[in-house]
Protein chains: 2
Amino acid sequence: MKAKVHVTLKAGVLDPQGKAIGHALESLGFEGVGEVRQGKFIELELQETDPDRARAQIEQMCQRLLANTVIENYRIDLEG
Amino acid sequence: MKAKVHVTLKAGVLDPQGKAIGHALESLGFEGVGEVRQGKFIELELQETDPDRARAQIEQMCQRLLANTVIENYRIDLEG
């Protein structure tokens, strides 16, 4: 089973990396660019085939390694 | 208009960051974890309201800044 995890900064948490991208886009001449925020996108392959158990396992992975839950949110999407 | 951009390594390109995550998950005791790949997830706010023009603008951003098209693919999703 494949899983996709999005890890994004919580609203209100400063995102210097996103800001840097925004400034770089402006320097390149792109106009009308508002807020830019950068997150992580992680694709995992799991041997687990039961969706509920897979989701529970990934939930644990996010809590323990993939996300810093003090400042980050995560979203789990399972695929076939 | 909001846009979401996924930047991922092309198939066949080594992903040491993904490998590191995989090893870390193993060390933490997670079993049955196959390949792990990490990409970037960028959220942008644009003043442009026309979907076609917005997509064209972001396409340019990806080509010129957001992705290294030699080794990375990108996917653009527009919202509202």
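At residue A:77, with labels set 7 Å past Cα in the Cβ direction, how many nm apart are the copies from this one, shortest first?
0.3
Quickly work out the residue A:19-to-residue A:63 label distance, labels modelled 7 Å from Cα along the C-beta direction, and quote it in nm with one decimal.
3.3 nm
In Å² (nearest 100), what accessible area is buried between A and B, both sides summed, heavy protein atoms only, 1.4 Å probe?
Chain pair A/B: roughly 2800 Å² of buried accessible area.
For a quick check of your reading of the filter: which GluC sites (Glu not before Pro) in chain B sit in a DSSP loop and have no more than 12 other Cβ atoms within 10 Å?
Listed in order of number, the matching sites are B:31.
Evaluate the Kirkwood expression for the hydrodynamic radius of the range B:33-80, namely the inverse of the mean inverse distance over all pairs of different C-alpha atoms, and round to one decimal in Å.
Result for the range B:33-80, one decimal place: 12.3 Å.
Step through the residues of the range A:19-28 one at a time and calculate ³J(HN,Hα) from phi using the Karplus curve (6.51 cos²θ - 1.76 cosθ + 1.60, θ = phi - 60°), rounding each to whole Hz and writing x for Gly and Pro.
Per residue, the Karplus-derived 3J(HN,Hα) values read 4, 4, 4, x, 5, 4, 4, 4, 4, 7 Hz.
Taking each label point as 7 Å beyond Cα in the direction of the beta carbon, state the distances from residue A:10 to the same residue in the other copies, shortest first, in nm.
Distances to the matching label points in the other copies: 4.0 nm.
Spelling out what I want: for every residue of the range B:33-46, take phi, set θ = phi - 60°, compute 6.51 cos²θ - 1.76 cosθ + 1.60 (Karplus), and round to whole Hz; glycine and proline get x.
Using θ = phi - 60°, the values come out as 8, x, 5, 10, 10, 10, x, 10, 10, 10, 9, 10, 10, 10 Hz.
Which value, in Å², gives the accessible area per residue of chain A when a 1.4 Å probe is used on the protein heavy atoms? Spell out each step's value before the answer.
On the way: 4500 Å² over 80 residues.
That works out to 56 Å² per residue.
What does the structure give for A:67-79 when I average, per residue, the other chain Cβ atoms found within 10 Å of the residue Cβ?
0
With all protein chains present, how much of the accessible area of the range A:1-46 (probe radius 1.4 Å) comes from carbon and sulfur, to the nearest whole percent?
Numbers: 1200 of 2250 Å².
Carbon with sulfur: 53 percent of the solvent-accessible area.
Given labels modelled 7 Å from the Cα in the Cβ direction, how far is it in nm from residue A:78 to residue B:11?
2.5 nm
Please list log₁₀ I(q)/I(0) at q = 0.13, 0.20, 0.21 Å⁻¹ for the protein assembly as shown, using the Debye equation with identical point scatterers on the alpha-carbon positions.
Per q value, in the given order, log10 I(q)/I(0) is -0.66, -1.28, -1.35.
State the percent of C-alpha pairs, over all pairs in chain A, separated by a distance greater than 21 angstrom.
42 percent
The values are calculated or read from the model by the stated rules, or taken from the named source; none is laboratory data. Here the structure is a predicted model, which means the values were calculated and not measured. Glycine also receives a Cβ, built like all others from the backbone with ideal geometry; neighbour counts cover every protein chain displayed. Side chains included, ligands, DNA and RNA excluded: accessible areas come from the protein's heavy atoms. Shrake-Rupley method; radii C 1.70, N 1.55, O 1.52, S 1.80 Å.
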